[in-house]
Structure formats: structure tokens, C-alpha cells
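Working notes for the structure below.
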Amino acid sequence: MWQHVVVAFSVAAILAPFSYYMGIAARYMKLPQITGYLISGIMCGPYLLGILSKESVADLNIIEGACLSIIGLAAGAELDWPQLSKSKKQVLGITFGICMFSWAFCYAAFDWLGMMYPLMPNMDGRHLAAVATLGATLMMTRSPASAIAVLKEVDGKGPFCSLVMAVVVVKDIVVIVAYALNIELIRAAILPSASEGMSILNVMLPVLSVMLSVTVGVCGGLLISIVMRPRSILVPSFGGEQGIARTRMGVIIIVSTAVFQLAHHFEAEPLLACVTMGMVVVNRRHERAEKEKEELHGILASIMSLSNVAFFGLAGASLKLSALKDMLWIALLVSVVRIAAIFVGSWVGCVLTTTLNETRRLFWMSMITQAGVAMGLARLAGTRFPDWGGHFQTLMMSIILINLLIGPPMFRYALIRVGETKVHMVVPPSKESSGGGAVA
């Protein structure tokens, strides 16, 4: 076993530079950088060139878990409660509108497609309903870090930009909690119960799972808060400022990975635990709060410039090409339904919260892109349900890739139309992830 693991890590280390430069090439081709990572994984994976075997991809799960923990931590670190409270009525109203309509429209699409076309082989009605509800939940996500990348690219600032970021972050937190509840409800619904007395426990399991995830995340957040102190007992002070920064980065990776694996071991929701961890760190109030928040964001950006290479490369290697080709037209149809749902949900949410007319017309364009969080949840579903998880993951990845390609130019166009950017013309699409930093 250990021999297989060593071989898998060795091959992955050799292929990492290839994935990195594929990302650079994608950026020059006006595509999101993570698209290059995904393509490199597909090329080297077991379904094309076979450089990485199926066993090797499975042996690298520990790396994937570490990458997912950083994605969750970065997503949670964007949720700053004092900033959100300034426009909480609009944020909650628009978030509710988008989530409600996205889930309803996409559930109907998945349910109809499941009856008309065999989305997953050998599945009964309960399994198809599970796929529809889980898929609809994932369709509510929107990448927070890629939104930040677009704002930095065009120097976007103003009330529209602030509202977009607030809705993006709150919506992804809602999705991760809903995903955790969905997973437990699906397990209770499709797994046979040992006895009738288990029904009460089955009802309580989703709540207990979320509570355990939050508890583990809070503990992890407090640990990272200790790490971020100027003189922390967890960070040896040698090697000057640069040495301390590197040590702090290593400790954060270890703590976040440990939180992820601990939640996974107890069958809680590891991504929710990591999001909670990030929320705890950035929302603690003390005299160095702003300074520590800035340092944490810098550390996470540095880590994710490397972890994205590994995560999206492995995600590409796990894609089944034959299934991807068969599901492409389904992915296109679901993407169209999702965009329609976002348009309706954004308009309803803006009307209910008396938002400006210009925002009502353009807000939906800012909610299209999906990336790290959505792919992470799809990967987790793939491992949780081995019978149909692989096909589900491939379908979700197809939809996410389409949204990743069309979302950035639409968001950029909306920013230009509302006048909250220094760019005064429609620029070519790309660069949403060209900063090489976080993509969540």
C-alpha cells in the first residue's frame, strides 16, 4: 500500500509543473487559469494518457482533502459580519430570491431530465430524487474568490460591488449548510434502516452532523487565531519575518487539513467545518483584528496559488471522458435553466428590497460563475456515494465549466454598465482567475 502511495505522490510531483504551465497557457488564451489545470488533469488522468492510474488518483485523496480545507477556509474568511450588517436587508432578500428560484428551477430540470434521459445508470426513483435535490443545491453556488479577482482586475468599487460580494459570500454559506443537510437526508432516505426505531435518529442526524461540523470548525478557528498572534506558542520565532511567515503558513495548512480530516472521520461535513473555521478567525474582535485579517488573506492567497494546481488537476484526472461527452448537452440545458432562475431570483429579490433599477437589471450577471466551492462539493458527493457519485460528479463538473467560461465576461460587463470600474469599454473575457490566487 505504502509503495503505491509513494509512487502516486512522486508522479503527482513530476506532473505539477505541467499543470501549472497549462494554467499559464490558458490565461494567455483568454480562459480562466483553472481551466488549464483541469485540462492537464484530464490529459494525464486514467481516462486519456493514463500517466495517473485510478489507484494513484485515489491514493492522492489526502492532497485533495488539504486543498478542499483551504478552499473552505478561504470562503469562510470572506464573511465579515460588520460589513454585511450595513446592507443586511438587501443581502438577505436577494440571497433568498436567487437560492429559492435556482433550487426550484434546477430541481425541476434535473427531475425532468432524469425521467426523459438516463442521467445515472441503474437508478430507481429515490436515487434520482437524491441526485436532483443535491444537484439543485450545488447550482445555487457562486465563486467568491473569482468575483474578487474580477473586481481587482477592473478596480471595481462602489455600492454595487459591495452588494455583489455580500450576496456571494452569504449564498455560499447557505449552500454549504444546505449541502450538509442534503447529504444526511439522502443517506437516511436511500440507505435501508435497521429497524423502525432508527427513524427518529435518522431525522436528527442532519442536525447533529451540522452541529458537529460547526463545533470542529470553531475549535480550528480558535487554533488559527492563536497562530496569527505576533508571538504565538505554535509558531517558533526563527528565520526573521520571512521565516515566521512561512512557518505560520505551514501551521495553517496542518490545522485546516486536520479539521477537514477530523470532520470526515466522524462523518460530519468537512467543508462546512472549514468554512466555520474561516468565519471564526475573521470575525473575532480585538485590537489587531484588521491586521490579522489582512495577513490571513495574504497567506491564503499564497497557499491557493499552489493548492489550486493540485485540486483542479486531480478533479480533471477523475473526470470520465466518455460520460462527459454524453452529458454535455444536458449540462448546456441545465446551465440555461440556471441562468434563467438567477435572472428571476435576482429581479424578485431586488424588487422586494427596493433596490435601484439599474441594479435590478444587471445584478443577475454577477451571479453566474462557479468554481472551487462548487467543484469541491461535487467531489465530496462523488466520494460519499460510490455507486452513482462518479457520474454525478462528471455532470456537475460539466455544468460548472460552462458557467466558469461564460460568467467572468458577464460580471465584467455589469460592472462597466453600473459605472463602478475604471474600465470604460467591454474588454475580452478572461482573467477572472488570472491572478493565480484563490478560486473558491
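The values are calculated or read from the model by the stated rules, or taken from the named source; none is laboratory data. Note that the coordinates shown come from a computational prediction; the quantities given were computed from them, not determined experimentally. All Cβ positions, even for glycine, are placed from backbone atoms using ideal geometry, and neighbour counts span all protein chains on display. For the accessible areas, the whole protein counts, side chains as well, though only heavy atoms, and no ligand, DNA or RNA atoms are used. Shrake-Rupley method; radii C 1.70, N 1.55, O 1.52, S 1.80 Å.
Output the pairs from LYS30/LYS320; LYS293/LYS320; LYS171/LYS293; LYS157/LYS320; LYS88/LYS291; LYS89/LYS157 with a Cα-Cα distance over 30 Å in this structure; if there are none, say none.
LYS293/LYS320; LYS157/LYS320
At 1.4 Å probe size, with no ligands or nucleic acids counted, give the accessible surface of GLU55 in Å², nearest ten.
Near enough 120 Å² of accessible area.
Which order do you get for VAL344, VAL281 if you rank them by accessible area with a 1.4 Å probe, largest at the top?
VAL344, VAL281
Full extension from ASP155 to GLU287: what is 0.36 nm times the residue separation minus their Cα-Cα distance, to one decimal in nm?
The span from ASP155 to GLU287 would gain 44.6 nm if fully extended.
How much accessible surface does HIS391 have with a 1.4 Å probe, in Å² rounded to 10?
So the heavy atoms of HIS391 present about 50 Å² to solvent.
When Lys and Arg each count +1 and Asp and Glu each count -1, what net charge do the other residues less than 13 Å away from PHE385, Cβ to Cβ, add up to? Could you put the intermediate results ahead of the total?
Working: positive: ARG126, ARG187, ARG379, ARG384; negative: GLU184, ASP387.
Within the 13 Å Cβ shell, the charges total +2.
Could you please put GLU292, GLU287 in sequence from largest to smallest accessible area, using a 1.4 Å probe?
The ranking, largest first, comes out as GLU287, GLU292.
Roughly how much of ARG126 is accessible, in Å² to the nearest 10, using a 1.4 Å probe?
It works out to around 130 Å².
For an R0 of 22 angstrom, estimate the FRET efficiency from the Cβ-Cβ distance between ILE226 and ARG246 and round to the nearest 0.05.
Numbers: r = 18 Å, r/R0 = 0.80.
It comes out at approximately 0.80.
Order ARG142, ARG187, most accessible first, counting only protein heavy atoms with a 1.4 angstrom probe.
My answer, sorted largest first, is ARG187, ARG142.
If each of LYS54 and SER85 carries a label point 7 Å out from its Cα toward its Cβ, how far apart are those two points in nm?
5.3
Please give the peptides 164-176, 79-91, 357-369 ranked by average Cβ packing (other Cβ atoms within 10 Å per residue), highest first, as a rough proxy for protection.
164-176, 357-369, 79-91
Cβ under 14 Å from LEU332's Cβ, LEU332 left aside: what net charge do those residues give with Lys, Arg +1 and Asp, Glu -1? Each step should come with its number before you reach the end.
Numbers: positive: LYS325, ARG338; negative: ASP326.
Computed value for this residue: +1.
Lys/Arg Cβ at +1, Asp/Glu Cβ at -1, dipole of the stretch 291-347 taken about the Cα centre: which of ILE339, MET304, LEU321 is farthest positive-ward?
LEU321
Go through the stretch 255-296 and name the trypsin sites (Lys or Arg not before Pro) that are in a DSSP coil and have 16 or fewer other Cβ atoms within 10 Å of their Cβ. Walk me through the intermediate numbers first.
Numbers: sites: ARG284, ARG285, ARG288, LYS291, LYS293; in loops: ARG284, ARG285, ARG288.
Sites meeting the loop and neighbour criteria: ARG284, ARG285, ARG288.
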